[in-house]
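Data block below; observations after.
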Amino acid sequence: MLLKLTLLSILDSSISTDQPEPLPNASEKKYRKCEKAGCTATCPVCFASAAERCAKNGYTSRWYHLSCGEHFCNECFDHYYRSHKDGYEKYTAWKRIWTSNGKSEPSPKAFMADQQLPYWVQCTKPECGKWRQLTKEIQLTTQIAKSYRCGMKLNNSTKIEVSDQCSMPEDLRVAEVSDHWWYSMLILPPLLKDSVAAPLLSAYYPDCVGMSPSCTSTHRLLGESNAVKMEHLKTPPTIAGKLGVVFWMNKYFQPFYQPNECGKALCVRPDVMELDELYEFPEYSRDPTMYLALRNLILALWYTNCKEPLTPQKCTPYIIVRGLVRIRCVRETERILHFMTRKGLINTGVLLVNPDQPLLPKEYHNKSVIVVGAGPAGLAAARQLHNFGIKVVVLEAKDRIGGRVWDDKTFRGITVGKGAQIVNGCVNNPVALMCEQLGIKMHKIGERCDLIQESGRITDPTIDKRMDFHFNSILDVVADWRKDKNQHHDIPLGDKIQEIYKVFIQESGIQFSELEEKVLQFHVSNLEYACGSNLHEVSARSWDHNEFFAQFAGDHTLLSSGYSAILEKIAEGLDIRLKVPIRSIDYSGEEVQLTATDGSLWTAQKVLVTVPLAILQKGAIQFTPALPERKMKAINSLGAGIIEKIALQFPYRFWDSKIEGADYFGHVPPSSSKRGLFSVFYDMDPQRKCSVLMSVVTGDAVATIKNLDDKQVLQQCMTVLRELFKEQEVPDPVKYFVTRWNKDPWIQMAYSFVKTGGSGEAYDILAEDIQGTIFFAGEATNRHFPQTVTGAYLSGVREASKIAAF
C-alpha cells in the first residue's frame, strides 16, 4: 500500500508543473494568501467547491488565481486534474473539445474559468442595477440576463421571484472590477459563450476571435477548403441564439474577412485590432481578446437588426461569460459601442434617433456645427451629428436637397435619376444597409450587354470579348509603365493608350477590322464614362488610383426607387435651410462666421464644407484666412468631370424582342468622333412594364451637345435609336429629359478625376481639416471611393466622427 501511494505521488509530480509547497507548520494552517503578486485578496475563498475536502475560505497548500476576487484551492485543482479523482473525466472531456476547436492551451485554469466559475447577472430594475452572483448550477442565458431581478430564484428554467432584495448590499468585489489594475490581474482573457458572431466566424479558431471553443456554436469548419468556407456567405446567414432565436442577415452584409481573404471594402479582421482601434484602446494592444470578443459581438448584433439603434443595454444580455469578468465586459461594451458609433461602423444609415436619447454621451454635445451643402455627404454628416446629440444646421444653396442626386418621378410608373442611380458593388456598401433599413429592393444588373451597330446588327460577342481583352491589355501595359514614374513623368492617359496601341499594331502586325476598331472605341468611351472626362485630360499614372484600396465587391444594382428615397429619409427631422448660398466663411475668430449671398450671417463652432469640387475650384466661397496653398494645389490637381444623361419614355417597349431581357445594351460608335454619344442605353424598369430608356453622353460628346437645345439632343438620340433598331418602327417618345449639370451654378460637374500631373493624394489633402474648425467632405475628398454616392456618404460619416472627437 505504501509503495502504491509513493508511485502515485511520483506520477502526480510528473504531470503537474504547479506543485504545492511543503505543508506549513501548525501555526500557519489557518489561512494562506494568494501568491500572485499584486493580488488584493488577503483571505481567498474557493469558488469551485468541487472536492470533498475543498478549503472553502480556510487553509490550502496553494491558491490558484483567476482574478483578484476569484480563486480555487489546491484540493479542487486535484479533483479535476488527477486521474484518480472524480472530476478528472469531466476535465478530460472538456479538454478534448477545447483541443479540437481551439488554439490556446486547455489548462486547468482555462477549464475552471470556462466551466466552473459562477455567472454574474445584473438586476434589470432601473432603480437597482446591482450585480448578483448566480449559484454554481445556474447556466446564464440571454433570457435570464434580460429579465433578472434581485432575489429571483431560477430553478429548472422557472423564475420564482421572492420578496424584494434590491436593498441587499452588492458584493464588494464588484466595485473593484472597474479599476484599471483589476483587468491587468486577470489571468485569462474572457471568451464569450454562444456569441451571436459565432456563425460568421466558424472558419476561425474561436479563442482567436474572443469566443469559447467549448460551445457547439463555435465548432470550426474542419476539413473544408476555403472556397467552401466562403460559400456560406453567398446566401443569407442565419444566426441562432442559445434559446433558439434566429436572426436573419442580408446577403450583402459581410462585416468580417474570412481567413486568407482580402480586398473587400468596409470589412474587418475579427482576429486583429485595426490601427484606429489600437489608438483608442491602447490597453488591449498586448492581448486584444476582450476587445475583439466585444467588437465582433457588437458588429454581428448590428447587422442582424440595423433598423433600430444598438445600445449597450441591448448588447448586455448577449455577453455570456463566467466570472466577475462579465461585469468588466458589460462596462467595456459601452465604451466600445460609443467608439464604433462615432466611427460610423454601427448605428448609421437612415436611423432616426429620439433627440432625448442621443447615441453618444453628454461630453460630445457641447458644440454647434453648420454643414454647407445638402448632398449625400452633407446629409450623412448632419444625420450622424444629430443622432450623436450635437446641434447641427444644414445650409443649401439650391431649392432642394440631394446635390448631384436628383430623381425625376414624373415618368409614368417609374423613377429616373438625373444624377446617380446605380450602386457599384453591394457587399458592405452603406447604400445596401440603408436599403435594408427602408425595405427598398435593389435590382441586380445583369452582365449581358449586346453591342448593336448602326446598321441594326448585333455584334458577335466573340468580337466584343476580343477587343475588350485587347483594351484591358493596353491598360495593363499602362500599369507596368507607371511603376517607376512620379508625378513629373505623368502624361495624359489618352496619349499613352494611343502610343501603346500604335506600338502594338507595328510589332504584332495585327490589323483590326473596321468593326473591331469601332468596338475598341466603344470600350474607350466606357472608360471615359468611368472617368467623367476625355482621356486626354486624365492622368495615365493615377487614373485608377483608388483600385489600390479595397473596393466594394458583389452585385452592381439599380435603385429603381432612386437615391432620393434614401436621402429624403436621412434628411427627416434635420434643420435644413434651402436657398441659402454661402459666399464667404471667416474662421479667424473664436467662432466661424458664414455670410450668405443675401447678406444673412450664420455662426457655429465648426463648419463642414461639402460643396462640389467645381465650386471650390471657381472660388465661389471666399475663405478668411485663405485656404492653405497645399489644399488649393490639391483642389486644382483634380478634374471636375462631367457627363450628361437623357431619359425617354415611349408608348411601348420596342426594344424587347431584340434585347431579350437584358438590363442594358451598347451602341457601337460609327467613328471615334461620335464616341461617347449615347454609348449605352439602360432599361429603367426591372419589371419590364414601363417603357423608359436612359442613356449617357460622355467624353468629347459632352461639348458637342452643350450648345444644342433639348429638342436637338433628343433628335440626335432618336436618330441613333432608329439606326440601332432599323428593322422595326421606333416610336416618338411621349416624355423625355436632358440634363445640364455643367450649367447648374451650384454644381457644374458630375464627379472628380485625377488630372495629368496629379495624384490620388489630392483626395486626402482635400479631406484635411483646417485648425480643427473647418472640415471638408464630398466624393472628391474620398480617396478610396471617389465618384460615387457611396463615397460622398462615407466622407460625411468620416467628418462627423472627426467633428465629434474634437
Open item on the list: All but one of (1) assigned to a strand (DSSP E or B); (2) among the β-branched types (Val, Ile, Thr); (3) open to solvent by less than 20 Å² (accessible area, probe 1.4 Å) hold for ILE615; state the number of the condition that does not hold.
Closed with: (1)
Open item on the list: Against the condition under 25 Å from CYS262 (Cα atoms), open to solvent by 30 Å² or more (accessible area, probe 1.4 Å) and modelled with pLDDT of 95 or more, how does ILE422 come out, does it pass?
Closed with: yes
Open item on the list: Take the residues in the range 481-497 that are in a helix (DSSP H, G or I) and open to solvent by 50 Å² or more (accessible area, probe 1.4 Å); name whichever of them is modelled with the highest pLDDT.
Closed with: ASP495
- [ ] Could you tell me whether any residue of the range 382-391 is surrounded by fewer than 24 Cβ atoms within 10 Å (Cβ to Cβ), modelled with pLDDT of 95 or more and farther than 30 Å from PHE256 by Cα?
- [x] yes
- [ ] Pick out, from the range 723-806, the strands (runs of 3 or more DSSP E) lying fully within it that include 1 or more residues that are among the aliphatic types (A, V, I, L, M) and open to solvent by 10 Å² or more (accessible area, probe 1.4 Å).
- [x] 735-738
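Yes/no per residue for (1) in contact with a Pro (Cβ under 9 Å, 6 or more places away or on another chain); (2) of a type in the set (A, V, I, L, M, F, W, C); (3) more than 30 Å from GLN115 (Cα to Cα):
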{"position": "ILE320", "(1), (2), (3)": "no, yes, no"}
{"position": "ARG326", "(1), (2), (3)": "yes, no, no"}
{"position": "LEU345", "(1), (2), (3)": "yes, yes, yes"}
{"position": "VAL353", "(1), (2), (3)": "yes, yes, yes"}
{"position": "LEU360", "(1), (2), (3)": "no, yes, yes"}
- [ ] Enumerate the strands (runs of 3 or more DSSP E) found wholly within the range 79-193, keeping only those where 2 or more residues are crowded, with 19+ Cβ neighbours inside 10 Å and on the phi < 0 side of the Ramachandran plot.
- [x] 120-122, 131-133
Open item on the list: Yes or no: the range 616-637 includes at least one residue that is touching an Asp or Glu at 6+ places or on another chain (Cβ under 7 Å), under 25 Å from THR698 (Cα atoms) and touching a residue at least 12 places away in the same chain (Cβ under 8 Å).
Closed with: no
Open item on the list: Given the criteria surrounded by fewer than 19 Cβ atoms within 10 Å (Cβ to Cβ), touching a Ser or Thr at 6+ places or on another chain (Cβ under 7 Å) and either farther than 30 Å from LYS264 by Cα or of a type in the set (Asp, Glu) (or both), does LYS409 qualify?
Closed with: yes
- [ ] May I ask you to list the residues in the range 436-457 that are open to solvent by less than 70 Å² (accessible area, probe 1.4 Å) and either under 20 Å from ARG541 (Cα atoms) or over 37 Å from the mean Cα position of the chain (by Cα) (or both)?
- [x] ILE452, GLN453, GLU454, SER455, GLY456
- [ ] Determine, yes or no, whether PHE681 is touching a helix residue (DSSP H, G or I) at 6+ places or on another chain (Cβ under 9 Å) and surrounded by fewer than 19 Cβ atoms within 10 Å (Cβ to Cβ).
- [x] no
- [ ] Only strands (runs of 3 or more DSSP E) wholly contained in the range 554-597 count here; list those with 2 or more residues that are open to solvent by 10 Å² or more (accessible area, probe 1.4 Å) and touching a Leu at 6+ places or on another chain (Cβ under 9 Å).
- [x] 575-577, 582-586, 592-596
Task: Output for the range 334-372, where each listed residue is open to solvent by less than 40 Å² (accessible area, probe 1.4 Å) and part of a loop (DSSP other than H, G, I, E, B) - done: GLY344, ILE346, ASN347, THR348, GLY349, VAL350, LEU351, VAL353, LEU359, LEU360, PRO361, LYS367
Open item on the list: From the list GLY562, GLY599, exactly one residue is in contact with a strand residue (DSSP E or B) (Cβ under 6 Å, 6 or more places away or on another chain), modelled with pLDDT of 95 or more and over 23 Å from ALA800 (Cα atoms). Which is it?
Closed with: GLY562
Open item on the list: What are the pairs with Cβ atoms under 6 angstrom where one residue, in the range 767-787, is at positive phi and touching a residue at least 24 places away in the same chain (Cβ under 8 Å) and the other, located anywhere, is assigned to a loop (DSSP other than H, G, I, E, B) and open to solvent by less than 50 Å² (accessible area, probe 1.4 Å)? Sequence gap at least six, or different chains.
Closed with: GLY778/THR610
Task: Single residue of SER525, SER533 found to be of a type in the set (Gly, Ala, Ser), modelled with pLDDT of 95 or more and in a loop (DSSP other than H, G, I, E, B) - done: SER533
TODO: Name every residue in the range 292-320 that is among the hydroxyl-bearing types (Ser, Thr, Tyr), over 23 Å from VAL797 (Cα atoms) and open to solvent by less than 30 Å² (accessible area, probe 1.4 Å), in order of residue number.
DONE: THR316
TODO: Being touching a residue at least 60 places away in the same chain (Cβ under 8 Å), closer than 22 Å to ILE458 by Cβ and out of contact with any helix residue (DSSP H, G or I) (no Cβ under 9 Å at 6 or more places or on another chain) is the filter; apply it to the range 641-656 and report the residue that is least open to solvent (accessible area, probe 1.4 Å).
DONE: PHE650
Task: Options ASP287, ASP271, ASP276: the member that is open to solvent by 10 Å² or more (accessible area, probe 1.4 Å) and touching a Cys at 6+ places or on another chain (Cβ under 8 Å) - done: ASP271
- [ ] Provide a single number: the residues in the range 688-720 that are more than 19 Å from VAL524 (Cβ to Cβ), in a loop (DSSP other than H, G, I, E, B) and touching a residue at least 24 places away in the same chain (Cβ under 8 Å).
- [x] 4
Open item on the list: Test of understanding: among ALA37, ALA93, ALA110, which residue is under 27 Å from TYR183 (Cβ atoms), at pLDDT 95 or above, of a type outside the set (Lys, Arg) and under 45 Å from the mean Cα position of the chain (by Cα)?
Closed with: ALA110
TODO: Please work out if PRO282 is out of contact with any Pro (no Cβ under 6 Å at 6 or more places or on another chain), more than 13 Å from MET340 (Cα to Cα), open to solvent by less than 10 Å² (accessible area, probe 1.4 Å) and not aromatic (Phe, Trp, Tyr).
DONE: no
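The values are calculated or read from the model by the stated rules, or taken from the named source; none is laboratory data. No experiment lies behind these values; they were computed from the predicted model shown. Don't worry about glycine lacking a Cβ; one is built from the backbone with ideal geometry, like all the others, and counts go over all protein chains shown. The accessibility values were calculated without ligands, DNA or RNA, using every heavy atom of the protein model including side chains. Shrake-Rupley method; radii C 1.70, N 1.55, O 1.52, S 1.80 Å.
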